[in-house]
Amino acid sequence: RTGYTFNGWYKDGVKVTEIASGTCTGAISLVAQWTINSYKCAAGEYLAQGATECSVCEAGSYCVGGTYEYNTEEEQGKSVCDSNSYSDAGAAECTPCATGYTNSDDHAGIGSCKITCPAGEYVAEAGKGCETVGEGYYGIGGTVGQDETSERNQCPEGYREGSAAERE
């Protein structure tokens, strides 16, 4: 029986270890006794539904670890990260998205945290906020992950002012 340890046969609450030869003159009713197994999962692991060994926590979830009993109805020890946080596979806790970055349904990895810059702004350094493209440049805006940058483009010749014009 998966997930249980057999403890033996019992008659009237007493464990039967042997039946002496010649003492059985009719039918005997014995009851099998089982103990549910427990499984110790390390931080970053959980016990999946119906599993008999721990699994690595999936990205977007966190698993604090612990001791769990065999269960065919539900997984144990795994929780989904809250909004505006993320995790990689094997995480024991979630990490908050950087300031200005958000996520709601997908929490798998740092790239699930997104920021949307309006036209005229861009992300120069991954994980930092939107900033103005500066004189002589334009930006179309858009959404990028916390692990990404976006571009600014130099204005065409004749449409430049300020610092970009000085570099021509």
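The values are calculated or read from the model by the stated rules, or taken from the named source; none is laboratory data. No experiment lies behind these values; they were computed from the predicted model shown. Methodologically, a virtual Cβ is constructed for each residue, glycine included, from the backbone with ideal geometry; neighbour enumeration extends over all protein chains shown. Ligands, DNA and RNA are excluded from the accessible area calculation, which covers all protein heavy atoms including side chains. Shrake-Rupley method; radii C 1.70, N 1.55, O 1.52, S 1.80 Å.
In this structure, Tyr101 does satisfy being in contact (Cβ under 8 Å) with a residue 40 or more places away in the chain, touching a strand residue (DSSP E or B) at 6+ places or on another chain (Cβ under 6 Å), surrounded by 14 or more Cβ atoms within 10 Å (Cβ to Cβ) and more than 30 Å from Gly3 (Cβ to Cβ).
Could you name every one of the strands (runs of 3 or more DSSP E) located completely within region 25-92 that has at least 1 residues being of a type in the set (D, E, K, R) and open to solvent by 60 Å² or more (accessible area, probe 1.4 Å)? By residue number, 38-41, 66-69. Within the set Ile115, Ile140, the sole residue that is of a type in the set (A, V, I, L, M) and at pLDDT 95 or above turns out to be Ile115. Residue-level analysis places Glu131 among those that are of a type outside the set (Phe, Trp, Tyr) and out of contact with any helix residue (DSSP H, G or I) (no Cβ under 9 Å at 6 or more places or on another chain). Scanning region 105-142 for residues that are under 22 Å from Val80 (Cβ atoms) and either without any contact (Cβ under 8 Å) to a residue 40 or more places away in the chain or not in a loop (DSSP other than H, G, I, E, B) (or both) yields a count of 8.
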